[in-house]
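A short worksheet on the structure shown next.
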Amino acid sequence: MAFPRATEIAHLLVKQRLQPGDRAVDATVGNGHDTLFLASCVGATGRVDGFDIQEAAIANAREQIGDSPPVSFHLCGHEEMETVVTPGVKVVMFNLGYFPSGDKTVITRPDTTLPALAASLNLLAIGGLLTIVVYPGHPGGNDEALQVGKWVTALDPDLFRAVHYGPAGSSAPSPSPYLIAIERRE
Ligand code: SAH
């Protein structure tokens, strides 16, 4: 039996927090996995805003999931999320890196990822949760991972609590994805 993946732990933490009627954001739609999951947690009375800059990703997700309540898709960078989403969001999910079945050259980048993470914290309700699955293994991924790590370290511990789930020591044959989850305390 293998350890659960970072994405599975993210779902576990999110499921514990979300209730029907809540609002959530999928900051990196990709294949729409997280959008669908969030929609199932918040139900028809909730709302999920999904962002991606790849037309193919948004088109595919629209086809799979439909662009109707509770889901709204936005072909727009997650760094713009504050122009679309109002504060009081219960969960924001990021799945960094590239879309495996799409254009692998379109990767999330620190210069937009970090502003988007900051925007997410502005939008979070008290008790809300931000999950970030970090992929250090692809070109550019390690730089992004380091910058995200630095950003998390600088958060005010009175306002936010952060946890980390990922491989320990040198047990992984190559850099594996890991999860950072941040809770807004007040
Ligand atoms: N690495 C994950 C999938 C990540 S998908 C896995 O292996 O399963 C990451 C998604 O983020 C891609 O679909 C990409 O188009 C999207 N993306 C990249 N930059 C973005 C931005 N600035 N705003 C919103 N989405 C972005």
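The values are calculated or read from the model by the stated rules, or taken from the named source; none is laboratory data. Since the structure is predicted, the reported quantities are computational estimates derived from the model, not experimental observations. Every residue, glycine as well, gets a Cβ built from its backbone with ideal geometry; the counts of neighbours run over all protein chains shown. Note: areas computed on protein heavy atoms with side chains; ligands, DNA, RNA excluded. Shrake-Rupley method; radii C 1.70, N 1.55, O 1.52, S 1.80 Å.
Scanning the range 15-50 for residues that are in contact (Cβ under 8 Å) with a residue 24 or more places away in the chain, open to solvent by 80 Å² or more (accessible area, probe 1.4 Å) and of a type in the set (Ser, Thr, Tyr) yields a count of 1.
Here is a yes/no grid of residues against (1) without any contact (Cβ under 8 Å) to a residue 60 or more places away in the chain; (2) of a type in the set (A, V, I, L, M, F, W, C); (3) in contact with a strand residue (DSSP E or B) (Cβ under 7 Å, 6 or more places away or on another chain):
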| site | (1), (2), (3) |
| --- | --- |
| 98 | yes, no, yes |
| 103 | yes, no, no |
| 106 | yes, yes, yes |
| 112 | yes, no, no |
| 129 | no, yes, yes |
| 137 | yes, no, no |
| 140 | yes, no, yes |
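Any chance the range 25-42 includes a residue that's in contact with a Pro (Cβ under 9 Å, 6 or more places away or on another chain) and hydroxyl-bearing (Ser, Thr, Tyr)? Scanning the range 25-42, I find no residue that is in contact with a Pro (Cβ under 9 Å, 6 or more places away or on another chain) and hydroxyl-bearing (Ser, Thr, Tyr), so the answer is no.
Summed over the range 4-63, residues that are hydroxyl-bearing (Ser, Thr, Tyr) and part of a helix (DSSP H, G or I) total 3. Here is the figure for the range 4-14: residues that are in contact with a helix residue (DSSP H, G or I) (Cβ under 9 Å, 6 or more places away or on another chain) and surrounded by fewer than 23 Cβ atoms within 10 Å (Cβ to Cβ) total 4. Of the set (1) crowded, with 20+ Cβ neighbours inside 10 Å; (2) at pLDDT below 95, all apply to residue 117 but (2). Would you check if residue 144 is outside any helix (DSSP H, G or I), surrounded by 15 or more Cβ atoms within 10 Å (Cβ to Cβ) and not basic (Lys, Arg)? No.
The residues of the range 62-87 that are open to solvent by 40 Å² or more (accessible area, probe 1.4 Å) and more than 17 Å from residue 37 (Cα to Cα), listed by number, are 75, 79, 80, 82, 83, 84, 86, 87. Tell me the residue from 87, 100 that is in a loop (DSSP other than H, G, I, E, B) and modelled with pLDDT of 95 or more, please. That would be 87, the only listed residue that is in a loop (DSSP other than H, G, I, E, B) and modelled with pLDDT of 95 or more.
A single entry from 25, 106 fulfils the requirement of being within 15 Å of the ligand (Cβ to nearest atom), at pLDDT below 95, closer than 26 Å to residue 152 by Cβ and β-branched (Val, Ile, Thr): 106.
From the list 180, 132, 126, the lone residue that is farther than 21 Å from residue 32 by Cβ, assigned to a strand (DSSP E or B), among the aliphatic types (A, V, I, L, M) and out of contact with any Lys or Arg (no Cβ under 7 Å at 6 or more places or on another chain) is 180. Counting the residues of the range 51-61 that are surrounded by fewer than 19 Cβ atoms within 10 Å (Cβ to Cβ) and either within 18 Å of the chain's Cα centre (by Cα) or within 9 Å of the ligand (Cβ to nearest atom) (or both) gives 3.
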